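S.K.: If you scroll down you'll find the structure; I have some questions about it.
Derivation of every value follows stated rules applied to the coordinates shown; laboratory data play no part. All values derive from a computational prediction rather than experimental measurement. Virtual Cβ from ideal backbone geometry, glycine too; neighbours counted across all protein chains shown.
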Amino acid sequence: MPAENLIEKLLSLKGEVASVPSPADEKELESVRIKYLGKKGVLSILSQEMRSVPADQKPEAGKLLQEIRSTLEGLVGSAEIEIKRNKVRREIEGEFFDTTLPSIQPEFGSAHPISAVMDEITDIFSGMGFQVEEGPETESDLYNFEKLNFPPEHPARDMQDTFHLLDVEKILRTHTSPVQVRAMEKYGPPLAVIAPGKVYRCDADVTHSPMFHQIEGFVIDKNITMGDLKGTLKAFATRLYGADVKVRLRPSFFPFVEPGAEMDVSCVICGGAGCRVCKQSGWLEILGAGMIHPNVLKASGIDPDQWGGFAFGLGIERIAMLKYGVDDIRLFFENDMRFLRQFKGGV
Amino acid sequence: MKLSLLWLNEWVDHNLPPEKLAEKLTSLGLETKITENRRGAYKNIVVGKVLSADPHPNADALRITSVNAGGEPLKIICGAPNVAPGQTVAVALVGATLPNGLKIEKRKIRGEESFGMICSESELGISAESSGIMVLDDGLKAGAEIASCLELEDVMFEVDLTPNRGDCLSVLGIAREVSAITGARLKMPTFAEPQKGIHGLGVEIMDAEACPRYTALEISGVKIAPSPFKIRRRLLACGVRPINNVVDATNYVMLETGNPLHAFDKRSVSGAIVVRAAKNGEDFTTLDGASFKLDGGTALIADSVKGLAIAGVMGGLDSGINADTTDVILEAAYFNPVRVRRASKKTGIGTESSYRFERGVDPEGVKIASLLAAKMMAELAGGKPGGFHDVYPKTVKAEAITISPKKAGAILGVPISEATALDILTRLGCACEKSGDGLLKATPPSHRHDLGTEIDLVEEISRLHGLDNIPETTPRLPQHESSREGKYAKRREINRLFVASGFYEAINFSFVNPAWRKKLGLENGAPVRMENRINAELGELRTSLIPGLLQTASFNLRQGEEKVTIFETGAVFRLSGGLVEEELFTAGIMTIGEEELMASKLGRNFHRLKGIVSNVVSSASRTAPEFRKPVENAKKEFLYDHRQADIFLGGRRVGFIGEVHPLTADDFDISAGMVCFELSVEALMAGAGKTAKASAISRFPGIKRDVALVVEEKIEVGAIINTILETGGGKISHCGLFDLYQGQQVQAGKKSLAFRLFFMDSEKTMTDKDGDEIMAALLEAVAKKHGAVIRG
């Protein structure tokens, strides 16, 4: 009864195969493969016996044979993967790796802190809808003073120590305010402009540099109020210093605005409690502002009965000094790499 | 301006604590800080009478004194050389704390007990005087609190005044503001009408523009002496040096009312007093001995033969008050602010007087000031006022201003009623009347020269109404064309690209030392020279960013940096046809670390920088730059002769790049091998706004070929690459140099160049046969043009 014999053999093989343990290494794997799946392996031998099986039993024997083969192949296949993975795991396992070794960095420089602050502030205002304008650094008395309502020989000119040039009737602009007049003349109303740039005053100590940076901003439209000025500056201060910042306006004087004011923010160091930086006052003065003087509008060809506006100006260095804790303005213009490097990667 | 609270209180009734007062004034636009608060600082310091002063047995420099300080005589050891019996002094009793923090305790000094301390002015915090004890007026009673006797428990403020508020440069000026904000009563003194000066002295104004009002008060019989302590203390506290009772009276009243006064010794005045313009070149010597040749426009107070004072600025050397002066002519006047300012600028003399006149004094206050000073001179020096000459031909009168409270409200963004406006303006001393249609007519007081137009009154209303009471609103901003491709945006883009390429941004001053430019042999246009400078060396505006960067590199190398990689973007200035041309440039400089010295020897830093500049330019201008050898006479002296190139963009020269000449490196004390570039940002903007156009990508496979060519060593690689690309008829999509070899393997004077080429056809698959054809054409072209042969 060779046929019964084969089916029995296959059934017993099936039982045997079901209990073959998964090979643990390549050697075991190889011996399983040779024993069962090799050319002279068990399956190969039993396959040959299929020829002598009666036709009615062939399907059953064939099916059994196939089941056993796929079980074995599954066993061998998954063992193969597992052995390979275990091998990699073993290789990695014992490795010593030092994550604290110095990084290999691609060369990366940094923006100057003054540029960074100037860009940050410009972005705040352009986000509100102000357009960016620039003006010349060498200016005429007309644009730097006269059109801004500084009468000739007025003591207000003493507020700004002017650099005069030889060979030309020009000065180095003492503020970015001339851009107000230039932009008004260029575009006419309505207008909302932010004007960043370099300015110059003949003065030098730890808080004054003969060259420094300002941002001028102004809006001209119908029905602009001092309340609009307050709201705009409050929004600016909030974006620069966060929602907790408090602001206050104090009346002040700049010839090109009236009413004129200065804006203080609650001290960014102590939060208003009083410290060395705010001289115990809890407040830091950060900008000058006011309603554009009718004389400035007139000088720029705009009818002050039709249009009005506000303007403000702030010194970048002061804000940068507060922001980065720099107490000597000269550091900004020495360009010492040890200083500049501190602003690497996000200022 | 320094302000004394005790002095202020004499002029206005208010009950504000010092902190509140400072806050109120600040909210009015007079930025005020407390600088010194001496309240309660003089406890247990009393008046004492020195009964005896005997030698100390153990110390030659010390004395044992017995002092009556109101109770039992106290034994006090004193080291002052001037202590003597009979003196009235200030005694700090045991338990007192001096203003400088010193605690007075019972202590033994060289074996002798001491129960207190006799004080000097410095110890009392009055002045710097510390050479001896302070000797007081004998009229003071022993044991009396020194604070009340000497008026020491004062609070001092610093008021930071803006130039428009000349009217606040006095105790009275601040008192007026306090009165306006609190409603407190102003305590103005009143005087009987002075006797008119009809006879004797003549006073004439010849330059009415310079001097709208001049008064002279004759005072006779003064006895010059030091002023009493109270006057001296107030002057000192306000930063004015006490001189004598007559001069002190003029200064005191100036600080008090804001009207400067001047006292002449009557003996020095010959004939009438004339206010006139100086003759051009007229000689004048001021009281401090400085000589001037005056300008024609300077207003002068003169007599019939000579100048007595530069009007409003300073008195003359020979006309002032001396120790033996008995008769005084007291000047009080209103001088034209512009004329005083001009005189002050021309002579370079700035005084408390000129400072006030420049900012505008009260023309109506002139008389009160004169009478106040006369009263003081009577009290302090026994002077008897005589004739008062008041030349005031045309009243300086403010025009009435029409103001619409409604418009004020529209400007401020908070409703302002007619009643509010009326109340505020009246409190500020304006004479107001309603003029119908909701309008007000306000005539500013004579001390407010800054009020001339409606907007000035709007500002006054905003100050008094309070800026805090204006609600915050958000305006809808007008629309504008995008400025994203503007110069500022381009500068930022370029800066970001350089930062990403490893460069640190520097910001150097725009003014430079002309010597730097000369050292570099920079001849790019005439420099703009500066009239005044921050220091003698920085005398012109930069014509290039390079000198500043070389300085910065040198500075950093001296600080021990090994590698300096910096750039700057900023304006340069040139004089051209009588105008200043400003152009925005970007420039950079790169040094190398030790490990890269080899590269430097081969000049490879040039190529490294060229790569960075090429990236930045291509990215910022959307156009690849070309680097061309400069023509012989256009070479830059400060660059290594052969290691320099001009940068071209779209056929236009926009900058240069090169290695710093070894001799320049020496001049600037920088290391060899530094490379630098400079570029016009504006030129890069020419390509701005250009949008890249996408073209189809070939879907057919291409082929790769390598070829090594041998050429003469002086043939430029750039030219060969150009030839190769041209020959390909658009089918060579890439030609890269991957090896450059000179040495034993090639003939002397030749070099081998290895290129990797990629062939591609957009219509069909590249076959080897196609490749061979392109290769053949290419080899023929390079052979013909450059004498190149395939390396065997």
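S.K.: Please compute the net charge surrounding B:ALA506, taking Lys and Arg as +1 and Asp and Glu as -1 over other residues with Cβ under 10 Å from its Cβ.
M.R.: Net charge in that neighbourhood comes out at -4.
S.K.: Using θ = phi - 60° and the Karplus form 6.51 cos²θ - 1.76 cosθ + 1.60, what ³J(HN,Hα) does each residue of the stretch B:205-222 get, whole Hz, x for Gly and Pro?
M.R.: 9, 9, 10, 5, 5, 6, 9, x, 9, 9, 10, 10, 10, 8, 10, 10, x, 7
S.K.: Each label point is 7 Å from the Cα along the Cα-to-Cβ direction; what then is the distance between the points at A:ARG69 and A:LEU142, in nm?
M.R.: Taking the two extended label points, one gets 10.1 nm.
S.K.: Sorting A:TYR324, A:TYR36 on the 10 Å Cβ count, fewest up front, what's the list?
M.R.: With the fewest neighbours first, A:TYR324, A:TYR36 line up as A:TYR324, A:TYR36.
S.K.: Next up: Work from the charge dipole of the stretch B:203-391 (Cβ charges, +1 for Lys and Arg, -1 for Asp and Glu, about the Cα centre) and give the residue of B:GLY360, B:VAL203, B:PHE264 farthest towards its positive end.
M.R.: The Cα lying farthest towards the positive end belongs to B:GLY360.
S.K.: In whole Å, how far is the Cα centre of the stretch B:174-188 from that of the stretch B:572-587?
M.R.: Each part's Cα centre sits 55 Å from the other's.
S.K.: By count of other Cβ within 10 Å, fewest leading, how are B:GLU204, A:GLU285 ordered?
M.R.: B:GLU204, A:GLU285
S.K.: Across peptide A:126-135, what mean number of C-beta atoms from other chains lies inside 10 Å of a residue's C-beta?
M.R.: 5
S.K.: Then there is this: Provide the net charge surrounding A:ILE114, with neighbours chosen by a C-beta distance below 10 Å and charges set as Lys +1, Arg +1, Asp -1, Glu -1.
M.R.: That sum, taken over residues with Cβ under 10 Å, equals -2.
S.K.: Sticking with this structure for a sec: Using each residue's phi in the stretch B:666-682, evaluate 6.51 cos²θ - 1.76 cosθ + 1.60 at θ = phi - 60° and report the 3J(HN,Hα) Karplus result to the nearest Hz, with x for Gly and Pro.
M.R.: Each residue's phi maps through the Karplus curve to give 4, 4, 9, 6, 10, 6, 6, x, 6, 10, 9, 8, 8, 9, 7, 5, 4 Hz.
S.K.: On to the next question. Treating only the Cβ atoms of Lys and Arg (+1) and Asp and Glu (-1) as charged, compute the dipole magnitude of chain B about its Cα centre; round to the nearest 20 debye.
M.R.: For chain B, the charge dipole is close to 1360 debye.
S.K.: Also, I was wondering about something else. Straight-line reach from B:LYS397: which lysines fall under 22 Å, measuring Cα to Cα and dropping same-chain residues less than 8 apart?
M.R.: Leaving aside lysines fewer than 8 places away in the same chain, those within reach of B:LYS397 are B:LYS367, B:LYS434, B:LYS441.
S.K.: May I ask for the net charge around B:LEU5, where only other residues with Cβ less than 15 Å from the Cβ of B:LEU5 are counted and Lys, Arg are +1 while Asp, Glu are -1?
M.R.: Within the 15 Å Cβ shell, the charges total -1.
S.K.: Out of all DSSP beta bridges with both ends in chain A, state the antiparallel percent to the nearest 5.
M.R.: Roughly 95 percent of the DSSP beta bridges within chain A come out antiparallel.
S.K.: With only Lys, Arg, Asp and Glu charged, each at its Cβ (+1 for the first two, -1 for the last two), find how big the charge dipole of the protein assembly as shown is about the Cα centre; round to the nearest 20 debye.
M.R.: 1360 debye
S.K.: Once phi is turned into ³J(HN,Hα) by the Karplus curve 6.51 cos²θ - 1.76 cosθ + 1.60 with θ = phi - 60°, what whole-Hz value does each residue of the stretch A:61-66 show in order, with x for glycine and proline?
M.R.: Calculated HN-Hα couplings, in order: 5, x, 5, 4, 4, 5 Hz.
S.K.: Hey, another quick one. For chain B, what is the mean residue ellipticity at 222 nm derived from helices alone (per DSSP H run of n ≥ 4: -39500 (n - 2.57); sum divided by total residues; nearest 500 deg cm²/dmol)?
M.R.: -8000 deg cm²/dmol
S.K.: Between A:LEU233, A:THR176, A:HIS112, whose Cα lies farthest towards the positive end of the dipole of the stretch A:104-251 when Lys and Arg beta carbons carry +1 and Asp and Glu beta carbons carry -1, centred on the Cα centre?
M.R.: Result: A:LEU233.
S.K.: Ok, one more. Tell me the trypsin sites (Lys or Arg not before Pro) within the stretch B:646-740 that lie in a loop according to DSSP and have at most 14 other beta-carbon atoms within 10 Å.
M.R.: Listed in order of number, the matching sites are B:LYS690, B:LYS693, B:ARG699, B:LYS714.
S.K.: Lysine pairs, Cα distance under 12 Å, 8 or more residues apart or cross-chain: how many in the stretch B:703-790?
M.R.: 4
S.K.: Among B:ASN556, B:ILE546, B:LEU575, whose Cα projects farthest towards the positive end of the dipole of the stretch B:527-577, with charges put on the beta-carbon of Lys, Arg (+1) and Asp, Glu (-1)?
M.R.: B:LEU575
S.K.: Another question about this same structure. Cross-link partners among lysines for B:LYS563, C-alpha distance below 20 Å, same-chain residues fewer than 8 apart left out?
M.R.: Here the lysines satisfying the reach criterion relative to B:LYS563 are A:LYS344, B:LYS601, B:LYS610.
S.K.: Further, regarding this structure: Once R0 is set to 45 Å, what does the formula 1/(1 + (r/R0)^6) return for the Cβ-Cβ distance between A:ASN5 and A:GLU95, expressed as a FRET efficiency to the nearest 0.05?
M.R.: After rounding to 0.05, the efficiency reads 0.20.
S.K.: Right, another one. Could you list which residues have their amide H under 5 Å from that of B:HIS734, counting only those 5 or more apart in sequence or on another chain, with H placed in the peptide plane?
M.R.: B:PHE758
S.K.: If pairing requires two Cys Cβ atoms under 4.7 Å apart, which cysteines of chain A are left without a partner?
M.R.: Unpaired cysteines in chain A: A:CYS202.
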